[in-house]
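The values are calculated or read from the model by the stated rules, or taken from the named source; none is laboratory data. Since this is a predicted model, take the numbers as computed values, not measurements. For neighbour counting, all protein chains shown are included, and Cβ atoms are generated from backbone atoms with ideal geometry for every residue, glycine included. When the accessible area is computed, the model is the full protein with side chains, heavy atoms only, and any ligands, DNA or RNA have been set aside. Shrake-Rupley method; radii C 1.70, N 1.55, O 1.52, S 1.80 Å.
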Amino acid sequence: AALAGACARHGTVLAGGDLAALPEPGASGGPHLAAGLTLIGRMPPGGAWLARGAARPGDALWVGGTLGESAAGRHLLARGARLAGRRVELPESLGLSAPLAVAARRAVRRHLAPVPQLELGHALGRRAARCPGHPPAAIDLSDGLARDLHRLCAASGAGAVVEAERLPLPRGFAALCARLGREPLELALGGGEDYVLLFTLPAREEPPPSFRCRQIGTITAGRGVRLATGGRQQKLPPAGWDHLTAATT
């Protein structure tokens, strides 16, 4: 029912499917459930494909929304938060104030029901079609900003500098992280599951203000990815979800 509802919201037809249980026991002793999803569609008129490998030194690095909130939601679920119908229930053991409870419920919903930035993607695709000589590079942030930025830079043969002070964080995020015993910067860089777009544009160009994007850095020559904090730069490791080890690093 949830999948059918999501399809209806985005004008997508559910054409078929298959279910299978894996033989290995899960943590509760029952079988794992694996679900695979394939989407087939068409490029809209006047659009172009977006690729990771189009970034150039000097390009500005942008992100389409706030970071780290979904990871905070995952930690809240591990601490006992749950979705009951349309309401997020929080365990009393967290002792959250009213403003923090609002931030916590928003984080849980962000983790369980992410919203893809389709309109922003379409706008960037139209920009790529208008300027094929210098299109945006783009990648969806699912495995963490740091890891997905490394992927974009590797595909482009370039490096990047990210300014920590420019990373967009949700309201109440720092206080919520303090209550959960987590570092806000750590979740923003490597938490993953944000599902906002990381993309590049020429230095003097900005995305439409209606998308509320934030410039967080610059594409550089070479292949190093660095984090600038307080005027000093350090190497930024590819922290985030690793599909080959099935772990967050």
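Counting only strands (runs of 3 or more DSSP E) that fall entirely inside the stretch 20-81 and contain at least 2 residues that are modelled with pLDDT under 90, the qualifying elements are 20-25, 31-34. Going through the stretch 95-111 one residue at a time, which ones are buried (at least 17 other Cβ atoms within 10 Å of the Cβ), out of contact with any Gly (no Cβ under 7 Å at 6 or more places or on another chain) and not charged (D, E, K, R)? The answer is Leu96, Ala104.
Can you name the residue in the stretch 82-94 that is part of a helix (DSSP H, G or I) and without any contact (Cβ under 8 Å) to a residue 60 or more places away in the chain and is also most open to solvent (accessible area, probe 1.4 Å) among such residues?
Start the filter on the stretch 82-94 by keeping residues that are part of a helix (DSSP H, G or I), which leaves 92-94.
Remaining after also requiring without any contact (Cβ under 8 Å) to a residue 60 or more places away in the chain: 92-93.
Working: Glu92: 176, Ser93: 104 Å².
The residue in question is Glu92.
Each residue in the stretch 125-142 was checked for being farther than 27 Å from Arg226 by Cβ, open to solvent by 30 Å² or more (accessible area, probe 1.4 Å) and either part of a helix (DSSP H, G or I) or not small (Gly, Ala, Ser) (or both), and 5 of them qualify.
Just one residue in the set Gly222, Gly231 is open to solvent by 40 Å² or more (accessible area, probe 1.4 Å), at pLDDT below 95 and under 15 Å from Arg166 (Cβ atoms); that residue is Gly231.
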